[in-house]
1. A:Lys107 passes all but one of (1) surrounded by 13 or more Cβ atoms within 10 Å (Cβ to Cβ); (2) in contact with a Pro (Cβ under 6 Å, 6 or more places away or on another chain); which number fails?
2. State which residue is farthest from A:Ser83 (Cα to Cα) when the search covers only the range A:1-37 and only residues that are away from chain B (no Cβ under 14 Å) and hydroxyl-bearing (Ser, Thr, Tyr).
3. Which of the residues belonging to the range B:45-84 are more than 14 Å from chain A (Cβ to nearest Cβ), in contact with a Lys or Arg (Cβ under 8 Å, 6 or more places away or on another chain) and without any contact (Cβ under 8 Å) to a residue 40 or more places away in the chain?
4. Name the one entry in A:Leu80, A:Leu46 that is of a type in the set (A, V, I, L, M), loosely packed, with under 15 Cβ neighbours inside 10 Å and closer than 30 Å to B:Gly3 by Cα.
5. What strands (runs of 3 or more DSSP E), lying completely within the range A:38-108, carry at least 3 residues that are more than 14 Å from chain B (Cβ to nearest Cβ)?
6. Listed residues A:Arg59, A:Arg37; which is in contact (Cβ under 8 Å) with a residue 40 or more places away in the chain and touching a helix residue (DSSP H, G or I) at 6+ places or on another chain (Cβ under 9 Å)?
7. May I ask you to verify whether B:Asp26 is closer than 26 Å to A:Arg41 by Cβ and exposed (fewer than 13 other Cβ atoms within 10 Å of the Cβ)?
Amino acid sequence: RKEVEQDPGPFNVPEGATVAFNCTYSNSASQSFFWYRQDCRKEPKLLMSVYSSGNEDGRFTAQLNRASQYISLLIRDSKLSDSATYLCVVNRNNDMRFGAGTRLTVKP
Amino acid sequence: NAGVTQTPKFQVLKTGQSMTLQCAQDMNHNSMYWYRQDPGMGLRLIYYSASEGTTDKGEVPNGYNVSRLNKREFSLRLESAAPSQTSVYFCASSRRDPGNEQYFGPGTRLTVT
């Protein structure tokens, strides 16, 4: 079983839609959590950290459920520019583990 | 600031050849990392360096060696390339430990035939 699992998608949504991704992790001792964004054939870039109380950054909301060991990312009012692969990242003792990513395509 | 730079961008090797991938950062970061990314899999850590003069194995170190030449530069060497090492290689850096935001280079696409 992979340490970090994501639905690979693809998620195809129209502009303006709300879309949510989930990510599950297997190690309950994991300490910090992140969402990265990766455009096609580009490097990953940090989208947002995920805090225990949940956090929001504009149209993006991240939540953490430690009891169920999953992390979510909600994107509201999707834009064409949100089309990318979203990587869930889990850190334990400075060992960062990446999910394989969820691909999102936003269509006009 | 250029951020994290990597050379080369593309490389084709024959089985058994050796090469070194170069990485440099100009953000005065202490920690640097090498990852590989394969289709359907997440990025996997090959080696990392928490500070100048130290290196540690990651999840998939076999077949690779690294050198932290100074605070700015961290190189990855394939001594005898194998087809299984065909991948996209990313270098990254962070201010301190991996729990902080990592900044990635543009990647090196390596094909071993």
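Rule-based calculations on the coordinates, nothing more; no lab input. As the structure is a prediction and not an experimental result, all values here were calculated from the model. In this analysis, Cβ positions are derived from the backbone assuming ideal geometry, glycine residues included, and neighbour counts consider all displayed protein chains.
1. With (1) surrounded by 13 or more Cβ atoms within 10 Å (Cβ to Cβ); (2) in contact with a Pro (Cβ under 6 Å, 6 or more places away or on another chain) applied to A:Lys107, the lone miss is (1).
2. Among them, the one singled out is A:Ser28.
3. Of everything in the range B:45-84, those that are more than 14 Å from chain A (Cβ to nearest Cβ), in contact with a Lys or Arg (Cβ under 8 Å, 6 or more places away or on another chain) and without any contact (Cβ under 8 Å) to a residue 40 or more places away in the chain turn out to be B:Glu52, B:Gly53, B:Tyr64, B:Asn65, B:Val66, B:Ser67.
4. A:Leu80
5. In the range A:38-108, A:60-65, A:70-75, A:102-107 are the strands (runs of 3 or more DSSP E) which contain 3 or more residues that are more than 14 Å from chain B (Cβ to nearest Cβ).
6. From the options A:Arg59, A:Arg37, the qualifying one is A:Arg37.
7. Values: closer than 26 Å to A:Arg41 by Cβ: yes; exposed (fewer than 13 other Cβ atoms within 10 Å of the Cβ): yes.
Yes; evaluated as a whole, the condition is true for this residue.
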